[in-house]
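The values are calculated or read from the model by the stated rules, or taken from the named source; none is laboratory data. Here the structure is a predicted model, which means the values were calculated and not measured. Note: ideal-geometry Cβ built from the backbone for every residue, glycine included; neighbour counts use all protein chains shown.
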Ligand SMILES: NC(=O)c1ccc[n+]([C@@H]2O[C@H](COP(=O)([O-])OP(=O)(O)OC[C@H]3O[C@@H](n4cnc5c(N)ncnc54)[C@H](O)[C@@H]3O)[C@@H](O)[C@H]2O)c1
């Protein structure tokens, strides 16, 4: 069974690297036209160029998801270039490994930046994509990239964890309130990948890999390519009965 997204147009945020980039490549290979959105510009341009040179359809747009005008423009680009919008994957995110910890002395700037991108940024992407999908009147599918940190209290990064938890509420809201328009919304909750968002800022990436990697039943940390197929399936017509779901893809770690 092959997943086909032929004829569909997808907007993917945070698509210059990681899960967003892997999803953009897989969706394009599955027949979708893809708007590769995110910052920095060089990342999204490279991904779109790679897709185009392999015969897929893609356009890059530098988009800071915390800026509503830029998000609105990314949706407009989808419509101008490809005529419509069927799919949103909200993957852009940051993790301020050093600053976002110890709530009693948390720099409030860390809370604000994390929530501006990871929480408000997802809301904005959903808002402007929904506006277009409602106007089109032919349904749509949204996938919000949350995290297994939303299911537990163990993450050191309080703003990150609380934002990822809030996204599960946003997912439920959209699923319920847009079901009658044929618009589905699901959350994907990845476990620990080999590289984190803002990985270069992690105080001890090798220690993290050793500690977390050893605890994963499937025996290794995840990769973006482990997450992209679930996201792509959820955006396809094969998943037409799935909405409001929370799909954990974590090598088994949350069920230990
Ligand atoms: N890596 C993990 O271990 C892990 C685990 C669970 C969940 N996630 C989530 O998966 C999503 C993707 O992360 P990833 O692992 O692919 O890491 P990543 O850092 O490769 O991807 C995040 C992307 O978002 C971009 N970005 C940052 N700020 C932005 C902004 N203001 N506007 C637009 N784009 C912006 C980054 O440049 C990057 O390309 C994130 O939401 C992350 O929280 C990651």
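Within region 167-197, count every residue that is touching a residue at least 24 places away in the same chain (Cβ under 8 Å), away from the ligand (no atom under 15 Å from the Cβ) and either in a helix (DSSP H, G or I) or on the phi > 0 side of the Ramachandran plot (or both). So that I can check it myself, show each step before the final result.
First, pick out the residues of region 167-197 that are touching a residue at least 24 places away in the same chain (Cβ under 8 Å): 167-168, 170-172, 174-176, 178-179, 181-197.
If we keep only those that are away from the ligand (no atom under 15 Å from the Cβ) too, we end up with 172, 174-176, 178-179, 181-185.
When the remaining residues are screened for being either in a helix (DSSP H, G or I) or on the phi > 0 side of the Ramachandran plot (or both), the result is 172, 174-176, 178-179, 181-182.
Summing the residues that are touching a residue at least 24 places away in the same chain (Cβ under 8 Å), away from the ligand (no atom under 15 Å from the Cβ) and either in a helix (DSSP H, G or I) or on the phi > 0 side of the Ramachandran plot (or both) in region 167-197 gives 8.
Could you check region 1-14 and list, in sequence order, the residues that are within 7 Å of the ligand (Cβ to nearest atom) and part of a loop (DSSP other than H, G, I, E, B)?
14, the sole residue that qualifies.
Here's the yes/no breakdown for (1) in contact (Cβ under 8 Å) with a residue 24 or more places away in the chain; (2) within 14 Å of the ligand (Cβ to nearest atom); (3) under 14 Å from the mean Cα position of the chain (by Cα):
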{"site": "199", "(1), (2), (3)": "no, yes, no"}
{"site": "204", "(1), (2), (3)": "no, no, no"}
{"site": "213", "(1), (2), (3)": "no, yes, no"}
{"site": "222", "(1), (2), (3)": "yes, yes, no"}
{"site": "244", "(1), (2), (3)": "yes, no, no"}
{"site": "248", "(1), (2), (3)": "yes, yes, yes"}
{"site": "254", "(1), (2), (3)": "yes, yes, no"}
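Name the residues in region 136-166 that are in a loop (DSSP other than H, G, I, E, B), in contact with a strand residue (DSSP E or B) (Cβ under 7 Å, 6 or more places away or on another chain) and either within 14 Å of the ligand (Cβ to nearest atom) or without any contact (Cβ under 8 Å) to a residue 24 or more places away in the chain (or both), would you?
Hits for region 136-166 are 146, 147.
Limited to region 221-251, what total is found for residues that are loosely packed, with under 15 Cβ neighbours inside 10 Å and within 20 Å of residue 168 (Cα to Cα)?
Count: 2.
Would you confirm, using the coordinates I've provided, whether residue 58 is at pLDDT 95 or above and surrounded by 24 or more Cβ atoms within 10 Å (Cβ to Cβ)?
yes
Just to check your reading of the model, which residue among 133, 123 is out of contact with any strand residue (DSSP E or B) (no Cβ under 7 Å at 6 or more places or on another chain), within 19 Å of residue 243 (Cβ to Cβ) and assigned to a helix (DSSP H, G or I)?
Just one listed residue meets the conditions, 123.
May I ask you to say which residue of 93, 43 is within 14 Å of the ligand (Cβ to nearest atom), part of a loop (DSSP other than H, G, I, E, B), surrounded by 20 or more Cβ atoms within 10 Å (Cβ to Cβ) and touching a residue at least 12 places away in the same chain (Cβ under 8 Å)?
93
Mind listing whichever residues of region 147-171 are closer than 23 Å to residue 242 by Cβ and more than 16 Å from the chain's Cα centre (by Cα)?
Passing the criteria: only 151.
If I filter region 27-40 down to residues being buried (at least 21 other Cβ atoms within 10 Å of the Cβ) and assigned to a helix (DSSP H, G or I), which single residue comes out as nearest to the ligand (Cβ to nearest atom)?
27
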